[in-house]
1. Per 5 Å bin from zero, what fraction in whole % of the C-alpha pairs of region 1-104 is there, up to the bin with the longest pair?
2. Per the 1.4 Å probe, what fraction of the accessible area of region 59-109, in percent, lies on carbon and sulfur atoms?
Amino acid sequence: MGGFAAIRACTLTGGFDYDEVRQALDEIGYQPVEVGGHEVLSIRGDFEQDLQAPTAYKFAGMNFGTTLDGGTLVFASATAPLAAVLDVVSGTAPSMLDVADVSMLLQQAPDNLASALLVQGVTLSGGEPAALLDIGSGGTPDVGTIATEMAVRSEMPPVAMALLGATVGGPAGRAEGVSPDTPEARAIAVLLMLSPEAAETTAGIVEERLATGVSATTEEPYETMFPERAVQMVPGAPVVRWNSRSVREFHQISS
């Protein structure tokens, strides 16, 4: 896990052949440059884009890249996030693992995560009530609907931080060509609450919303969207864990 400024850096871990990776990047046009005392590869400047470049390299997300021990590739849109990752690796900067909240979330996450995203709890709040948006379109807001939605939202205790991700495995529903031995990927949400009591309350609310709620986007019941799911409160800890076969609409379940 990279340092605080490395939130916009992307890491990919696997059985990469570094020589082949370097050859492929050389062919595209990457050149060695120095960033904060570290040698990395660059294809263009900070946040620059090139719509004439090969598909994966048109935008800024892979402007800078390097390799780490353990079969990991790191790419970033600018020098600062990449330098922050390398500072953490070299031991000259603190890791996000040193942050108590982040450490607690990762301790409760499965070991076989394929991807993960850390978000502040306020990001899951759901924004303004839908009925309130009618004001901007010239409509008359339904005060009763707004009040009802706000009351429902107030049932959920504040979320301090959340880890959202997916485990290693094949697609839900078993796409054609996927080996039957391939584990099925599961969506993961780990919510850090303000107290164990708040976590217990939250676990009950999430379970009820999964059983009875409907997606505001697709109008599909959560019960069918997430046919195999489990909600757990970690005993004695302010943490709620949720996992399911599907990776959809975390924010509507936890807002």
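1. Result returned by the calculation: 2, 13, 22, 25, 19, 11, 5, 2, 0.
2. Reported share for carbon and sulfur atoms: 58 percent.
The values are calculated or read from the model by the stated rules, or taken from the named source; none is laboratory data. No experiment lies behind these values; they were computed from the predicted model shown. Please note that ligands, DNA and RNA were not included when accessible areas were found on the heavy atoms of the full protein model with its side chains. Shrake-Rupley method; radii C 1.70, N 1.55, O 1.52, S 1.80 Å.
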